[in-house]
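What follows is a short report on a single structure.
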Amino acid sequence: MGIGAMFISLLYWIWIVALAITVIAVGVYVGMQTHYRKVKKIEAQEKGDGEVT
């Protein structure tokens, strides 16, 4: 295995790991946003501030 092939293999794995981290981060972010909205909606309903759309 030459240096070039090793370098390409390394770049490939870095790309895969970066992609995985990005997907996980986006998933967590979206999940947190959804959860936050749900919590806010429940809090508003508990206070009896009228209907929340």
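The values are calculated or read from the model by the stated rules, or taken from the named source; none is laboratory data. Please read all numbers here as calculations on a predicted model, not as lab measurements. Note: accessible area is taken over every heavy atom of the protein model, side chains too, but ligands, DNA and RNA are not part of it. Shrake-Rupley method; radii C 1.70, N 1.55, O 1.52, S 1.80 Å.
Mind checking the angle between helix 3-47 and the chain's longest principal axis? C-alpha axes, 0 to 90 degrees, to the nearest 10. The two axes meet at around 0 degrees. Candidate values [x] 15.1, 48; [y] 12.5, 42; [z] 21.9, 69 were compared with Rg and Dmax of the Cα atoms in Å computed on the shown model; the agreeing label is [z]. Stretching the chain fully between residue 44 and residue 10 yields a gain of 7.2 nm (0.36 nm per residue, less the alpha carbon separation). Considering only protein heavy atoms and a probe of 1.4 Å, how much of the accessible area of the chain is carbon and sulfur, as a whole percent? Of the solvent-accessible surface of the chain, carbon and sulfur hold 71 percent.
Solvent-accessible area per residue in the chain equals 94 Å², computed with a 1.4 angstrom probe and all protein chains kept.
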